[in-house]
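Reviewing the structure listed below.
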Amino acid sequence: MFSKSVIINTTLMFCLWCAATAQAQAPTKISSMPIVSDLDRYSVELLKVVFEHTDGKYRLDPQTGEQRTQGRVIEDIKNGATHIMWAATDSTLEAELTPIRIPILKGFLGHRIFLIRKGDQAKFDRVRTLEDLKQLKLGQGTTWADTKIMQANGLNVVTTQKFAGLMYMLDGGRFDAFPRGVQEPWSEVNFAPGLQLEVEKRIMLVYKMPMYFFTSKANTAIAKDIELGLNRAIADGSFDKVFFNDPAIRAALEKADIKNRLIFHLDNPTLSKETPIDRPELWLDVEKL
């Protein structure tokens, strides 16, 4: 028979082993940007699914508070106050942080429909080719990534610094249309009392504009695990389930009536060479909607 001391020591060792095992298996808490918009809500829902596909290694903990500037969030990522952010990519952002190169919105940001003046729809009904479209003036922000894309494709772009200025310039006839993300114009059409604007009914611009998850340069392990989780979620269909069941995305697709629109595909010369354009499963295919 075992002595009492042996039993006690064995029990103690077993308890210590169980505690160490539990501690080793406890998921790492990952902080993200706060949820202040539909995009934030969607990104958090997708991240939850991603972490479900990383063998329970992480637990998402969205921060609280108000929306912060992208510059502030980047600094928070660098100093470890936040672990993960999401944003439309550009070369500056990719130089500062580590991008996980899977477009979390399936390129949805690069689908643009127009705000126009009320009564101008007939002008756009006459557009049949990209050359026709080049005869019209499009309004954009001076520093926006979209502006460079449209200019590179030969479109006639009028720019200004402030978003509000674009609305008033459109209403005043300074340009013909204000291209907006497919989810945006429905709420913006009533931007200010007195503006006579409406959503154009039959044209859409499409170009590759990926939004990625980003981590700090120091968090290579987390970046690799997020990429793994995203690819697993794509493979088993759960990524598409989150995307197409999102209420804001679903509503935008329904309102936009994409299947009845004339699509103009534009090149995006600002894309990094590492952009996964050769993986069609990562991008929204408007021809299949």
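The values are calculated or read from the model by the stated rules, or taken from the named source; none is laboratory data. Just so we're clear, the structure is a prediction, and the values are computed from it rather than from any experiment. Because the Cβ atoms are built from the backbone with ideal geometry, glycine has one as well, and the counts that use them run over all protein chains shown.
Looking only at residues in the stretch 121-172 that are among the aromatic types (Phe, Trp, Tyr) and assigned to a helix (DSSP H, G or I), the one that is surrounded by the fewest Cβ atoms within 10 Å (Cβ to Cβ) is PHE163.
Looking only at residues in the stretch 270-284 that are loosely packed, with under 11 Cβ neighbours inside 10 Å and not basic (Lys, Arg), the one that is farthest from the chain's Cα centre (by Cα) is ASP278. Scanning the stretch 189-199 for residues that are part of a strand (DSSP E or B) and not β-branched (Val, Ile, Thr) turns up LEU197, GLU198. Inspection of the stretch 173-188 identifies at least one residue that is in a strand (DSSP E or B), within 23 Å of the chain's Cα centre (by Cα) and of a type in the set (Phe, Trp, Tyr). Within the stretch 255-280, residues that are hydroxyl-bearing (Ser, Thr, Tyr) sit with their Cβ atoms under 8 Å from residues that are modelled with pLDDT under 95 and not in a loop (DSSP other than H, G, I, E, B), at 6+ positions apart or across chains, in these pairs: THR270/SER91; THR270/ALA145; THR270/LYS148; THR270/ILE149; SER272/SER91; SER272/GLU94. Taking each residue of the stretch 17-34 that is more than 15 Å from ASP55 (Cβ to Cβ) and in the same structural domain as VAL73 (by TED's automatic domain parsing) and looking for partners that are of a type in the set (Val, Ile, Thr) and at pLDDT 80 or above with beta-carbon atoms closer than 8 Å, six or more apart or interchain, yields SER31/THR82; SER31/ILE84; SER32/VAL44; SER32/THR82; SER32/ILE84; MET33/VAL73; MET33/THR82; MET33/ILE84. Against the definition (in a loop (DSSP other than H, G, I, E, B) and at pLDDT 90 or above), how does ALA218 come out, yes or no? So ALA218 passes the test. So in the stretch 224-267, with the set limited to residues that are touching a Ser or Thr at 6+ places or on another chain (Cβ under 9 Å) and buried (at least 19 other Cβ atoms within 10 Å of the Cβ), which one is farthest from GLU131 (Cα to Cα)? Restricting to residues being touching a Ser or Thr at 6+ places or on another chain (Cβ under 9 Å) and buried (at least 19 other Cβ atoms within 10 Å of the Cβ), the top hit is ASP225.
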